[in-house]
Amino acid sequence: MKDDKPKQKPLPFRSKRRYDASEYRQVGLAFAIPGLLLAGPLVGYGLGWAAEIYLGFPEWVRLVGLGLGFASGVRESVVALKRLTKEQERERSRDE
Amino acid sequence: MNSRISFKRILAMGLMLLASCFMARAAVAQEAHQAAPSAAVAEHPSQGEEHSAVAGHEEGAHEEAAHGENAAQGNAEGGHGGGHGGAHAPEIPDLLFVLKVPNRYRVPAYSIAVAVFLLLLFRWLSRNLQKVPGRGQSLIELYVELIDNFVCSILGREAGRRFVPFVGTLWVYIWCMNLFCLIPFGFSPTSMVQQTFALSIIVFVTVQWTALSYQGLMGYLFHLAGEPRDAIGWVLVPLFLPLHIMGELIKPVSLALRLYGNILGEDILLGVFSGLGIMLIQGIGWHDPWFGIPLHFPLIALVLLGSTIQATVFAVLTTIYISLVLPHYEEHEERTPAPAH
């Protein structure tokens, strides 16, 4: 017997691929690292400059700020890298 | 999808080419405006090279000509010049530029235009909701589902649902602003540092407010102090406290700079190639052409890709920053079931 039901077309923008947020998280984390490394010294130097101009601290405060900013940027990058590694491990274990 | 070459598509292509010609013409008109600043540029030969046929921020340039002062000061009213030492970035002229509206109104005007456009679009798409969705409703449902799965996979179902509207709005708003430069006479507000910093300040306030509301004031301060567990930890608090505070400040700055830099780069790329199209026409002897060869067309794909990636990165990092201030965020992740499709 012939099936009279009209065939339902899938919507054109429906992807058959399984949605996986892990890839997006990994891309985001990888993109974050250079930004953090750049922004760290900038923020540190800016805070040192502000402390010097507005609070009357000596000039070397800028250098301290720069160093702290760099250290902070590296620390945030390490946090992002650790998380990225964890994401990859989770993905690998899921694939296995 | 239907891949036939229809009349509508040919018309759309024709309109795009026509728009490109108009843009190029506006660029040539703009070149005439730059005659005055070129005298001042002669005093700064290193900057002269960076002027292109489609360059320009009129106000900054005029100030430069009038005062002969530092270029950065000349661009103080806003514009791309503020970002790279006062040199004028080549860019495709937008509507407000052609109408000679001052630069300072560009970011608010275009960002409000994008917001109003999105508001109307989503109102229109979500009108008359049905159980069996039409195409517009399906599109919205697909988007909401994607964002919901994405945010909840990071934050957990319970906390994630609170931030789905925020992250979803952020993504679509940034994405549309990034792509606004592809509309003829449009302009990407995210290629200006004011806009990206405004967005990142919103993210910063949201993250800090979330931290305070979930952890309480003492828990928040304890987190900032590096969560010391023993005597050595407490001794190291004076070192870790400024590091953590600075780390919190770095996040929005890095978000803003990344978005600004990438979108500005895309805009400059389009501007340079548009200018090249005009120069090619001028090169064959037509000194005042009314159109340019649309050499920037292949780069539109790159802009589409770059804009989507940058909007996604902004949304991803916002969600991750929120997750980092939630208590036991790792447990949330482990508990969350894999999103099914």
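The values are calculated or read from the model by the stated rules, or taken from the named source; none is laboratory data. Here the structure is a predicted model, which is why all the values come from computation and not from measurement. Using ideal geometry, Cβ is built from the backbone for each residue, glycine included, and neighbour counts are taken over all protein chains shown.
Pairs are defined by a Cβ separation below 6 Å, a sequence spacing of at least 6 or placement on different chains, a first member in the stretch A:30-55 that is facing chain B (nearest Cβ under 8 Å) and assigned to a helix (DSSP H, G or I), and a second member that is of a type in the set (Asp, Glu) and crowded, with 16+ Cβ neighbours inside 10 Å; the pairs so defined are A:36/A:76.
Please work out if residue A:15 is within 30 Å of residue B:135 (Cα to Cα), at pLDDT below 75 and part of a helix (DSSP H, G or I). Against the criterion (within 30 Å of residue B:135 (Cα to Cα), at pLDDT below 75 and part of a helix (DSSP H, G or I)), residue A:15 does not qualify. Counting only residues that are in a helix (DSSP H, G or I) and acidic (Asp, Glu), the stretch B:220-257 holds 1 of them.
In the stretch B:228-264, how many residues are within 14 Å of chain A (Cβ to nearest Cβ) and either within 15 Å of the chain's Cα centre (by Cα) or of a type in the set (Phe, Trp, Tyr) (or both)?
Selection size over the stretch B:228-264: 13.
Do we find that residue B:184 is outside the structural domain of residue B:93 (by TED's automatic domain parsing), touching a Leu at 6+ places or on another chain (Cβ under 9 Å) and in a loop (DSSP other than H, G, I, E, B) in this structure?
Judged against the criteria, residue B:184 is a match.
One residue stands out among those in the stretch A:61-90 that are within 10 Å of chain B (Cβ to nearest Cβ) and without any contact (Cβ under 8 Å) to a residue 12 or more places away in the chain: the one that is surrounded by the most Cβ atoms within 10 Å (Cβ to Cβ), which is A:75. Residues that are charged (D, E, K, R), touching a residue at least 60 places away in the same chain (Cβ under 8 Å) and on the phi < 0 side of the Ramachandran plot: does the stretch B:138-157 have at least one? Yes, the stretch B:138-157 contains at least one residue that is charged (D, E, K, R), touching a residue at least 60 places away in the same chain (Cβ under 8 Å) and on the phi < 0 side of the Ramachandran plot.
Within the stretch B:117-126, can one find any residue that is touching a residue at least 12 places away in the same chain (Cβ under 8 Å) and within 14 Å of chain A (Cβ to nearest Cβ)? Within the stretch B:117-126 (the criterion being touching a residue at least 12 places away in the same chain (Cβ under 8 Å) and within 14 Å of chain A (Cβ to nearest Cβ)), the answer is yes, since at least one residue qualifies. For residue B:132, the conditions (1) more than 27 Å from residue B:313 (Cα to Cα); (2) part of a helix (DSSP H, G or I) all hold with the exception of (2).
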